[in-house]
Amino acid sequence: MSNPPGLLFVIVGQNEPLYEAEFYKPGTTNSSTALSTTSSSTATTTTNDSVTRQNYFVLHSALDLVEKQQWTTNQMYLKVVDKVNHQQVSTFLTAGNIKFMLLHGGRSEDSIKNFFTDVYELYVKVGSFY
């Protein structure tokens, strides 16, 4: 399986997702917004939907690894907690046990950490999602 065309970012609360976002590279289309009228485009959309569902499954399955790893470190940034099909799941924990999870295709660790730091700063400024 090739690298995903974008990133999948999820903020997870105690037992429920609080926020979800898919980021795509310029020039690619989002499967949920792609409208197709031909059978070949429909097959592509179906494949994209399948990949999207698989991506959410990968993030969901990584939650167990995050919960296991969070008790072995005092760091907020857990780095890569899971790797599946050339995709990696990186996680950042807040003091309130909110998890920021990012599914990516092996981006640089510094850019992922900077992304999480920026999101955390915004999260603290907003207050919370509850």
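For the reader, a short list of remarks on this structure follows.
- Looking only at the range 1-15, and only at residues there that are at pLDDT below 90 and in a strand (DSSP E or B), the one that is most open to solvent (accessible area, probe 1.4 Å): Leu7
- Every listed requirement among (1) part of a loop (DSSP other than H, G, I, E, B); (2) modelled with pLDDT of 70 or more is met by Ser32 save one, (2).
- Filter result (assigned to a strand (DSSP E or B) and under 20 Å from Ser111 (Cβ atoms)) within the range 61-88: Tyr77, Leu78, Lys79, Val80, Val81, Asp82, Lys83, Gln87, Gln88
- Test: residue in the range 89-103 that is modelled with pLDDT under 85, touching an Asp or Glu at 6+ places or on another chain (Cβ under 8 Å), in a strand (DSSP E or B) and under 28 Å from Val124 (Cβ atoms): no
- Qualifying residue in the range 105-118 (condition: surrounded by 11 or more Cβ atoms within 10 Å (Cβ to Cβ), touching a residue at least 60 places away in the same chain (Cβ under 8 Å), over 13 Å from Val10 (Cβ atoms) and not basic (Lys, Arg)): yes
- Lone unmet requirement of (1) under 20 Å from Leu18 (Cβ atoms); (2) surrounded by fewer than 13 Cβ atoms within 10 Å (Cβ to Cβ) for Leu59: (2)
- Qualifying residue in the range 77-94 (condition: surrounded by fewer than 11 Cβ atoms within 10 Å (Cβ to Cβ) and over 19 Å from Ala21 (Cβ atoms)): no
The values are calculated or read from the model by the stated rules, or taken from the named source; none is laboratory data. Being a predicted model, the structure only gives us computed values, none of them experimental. Methodologically, a virtual Cβ is constructed for each residue, glycine included, from the backbone with ideal geometry; neighbour enumeration extends over all protein chains shown. Quick note on the areas: whole protein, heavy atoms, side chains included, nothing else; ligands and nucleic acids left out. Shrake-Rupley method; radii C 1.70, N 1.55, O 1.52, S 1.80 Å.
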